[in-house]
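Reading through the structure tokens given below for one structure.
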């Protein structure tokens, strides 16, 4: 299905794509910081569609073709001092956007797979709207605890580099950061990264401000561990042992925080989704969903 728009409430419109059999098991992908829905790779989606899933991808607010805020994003000093613009939203607001999208689509409940910031959004939905989530797979994410799941210092330097002013600068910047945070155990495909970055710019020119506001949402939400302890949704935590964006300590903390969660550490995995990982992730997601469904049937 081609890209469509949905008004999800509170003045927010989200761009989304729904693929696969309309009667398939709904599977919602939630993207990470600054990512647009195409950064859930088409190939991974096809593998899951082939297993009977209806895959839903969307742009979070402030990226892609979804609604963008207009206030100045917080800078590094603002983040450290926790100084926010009055309009600054948080992860809870982004979770409400996501539930609003499910309402528009008529999806009463869905399996959720969220990566990085998308994992945080999925965790929040599972805590606050448990009836909407059949299972949760939290990929390369964390709890917001201060000393856990932090980026490496080398990653921070890349994140706070001057924003790109042109399409070519944006593409080159994406190559630099993804080469740094990519899966060490898998080949780095520069062509794929360049193509995705070009599409990102074409759908949302000069995306840095939106990324900054999303980063503000993460920092404003703080440590969500206490709330995560209330999650009853069957949860799988997937994390790479070579992640330089969200330290593996974040995945371990997520699994500890959510009762009954299972942690799967993938050797060589960084903070990206190279083609070599797709079969592994497909099996992990599919097995988790089927296990959760069997557990629900028993109850």
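The values are calculated or read from the model by the stated rules, or taken from the named source; none is laboratory data. Source: prediction; values computed, not measured. Ideal geometry is used to build each Cβ from the backbone, glycine not excepted, and the neighbour counts take in all protein chains shown.
Just wondering, is there one or more residues in the stretch 182-190 that are surrounded by fewer than 15 Cβ atoms within 10 Å (Cβ to Cβ) and modelled with pLDDT of 95 or more?
Looking for residues that are surrounded by fewer than 15 Cβ atoms within 10 Å (Cβ to Cβ) and modelled with pLDDT of 95 or more, one finds at least one in the stretch 182-190, hence yes.
The conditions are (1) surrounded by fewer than 18 Cβ atoms within 10 Å (Cβ to Cβ); (2) not in a loop (DSSP other than H, G, I, E, B), and residue 138 fails exactly one of them. Which is it?
Condition not satisfied by residue 138: (1).
Tell me, which residue of the stretch 124-134 that is surrounded by fewer than 24 Cβ atoms within 10 Å (Cβ to Cβ) and part of a helix (DSSP H, G or I) is farthest from the chain's Cα centre (by Cα)?
Checked the stretch 124-134; the qualifying residue farthest from the chain's Cα centre (by Cα) is 131.
Please state which of the following conditions residue 87 fails to meet, knowing it meets all the rest: (1) surrounded by fewer than 22 Cβ atoms within 10 Å (Cβ to Cβ); (2) out of contact with any helix residue (DSSP H, G or I) (no Cβ under 8 Å at 6 or more places or on another chain); (3) in a helix (DSSP H, G or I); (4) at pLDDT 95 or above.
That leaves (3) as the condition not met.
Could you pull out every one of the helices (runs of 4 or more DSSP H) wholly within the stretch 221-299 that has 3 or more residues that are at pLDDT below 95 and at negative phi?
It comes to 278-298.
Which is closer than 18 Å to residue 199 by Cβ and free of Cβ contacts under 8 Å to residues at least 12 places away in the same chain, of 81, 57, 46?
46
Considering only residues that are under 12 Å from the mean Cα position of the chain (by Cα) and in a helix (DSSP H, G or I), which ones fall in the stretch 99-123?
If the condition is that a residue be under 12 Å from the mean Cα position of the chain (by Cα) and in a helix (DSSP H, G or I), then 117, 118, 119, 120, 121, 122, 123 are the ones that fit.
Please determine, by comparing only the residues of the stretch 66-81 that are within 11 Å of residue 216 (Cα to Cα) and in contact with a helix residue (DSSP H, G or I) (Cβ under 7 Å, 6 or more places away or on another chain), which one is modelled with the lowest pLDDT.
Within the stretch 66-81, the match that is modelled with the lowest pLDDT is 79.
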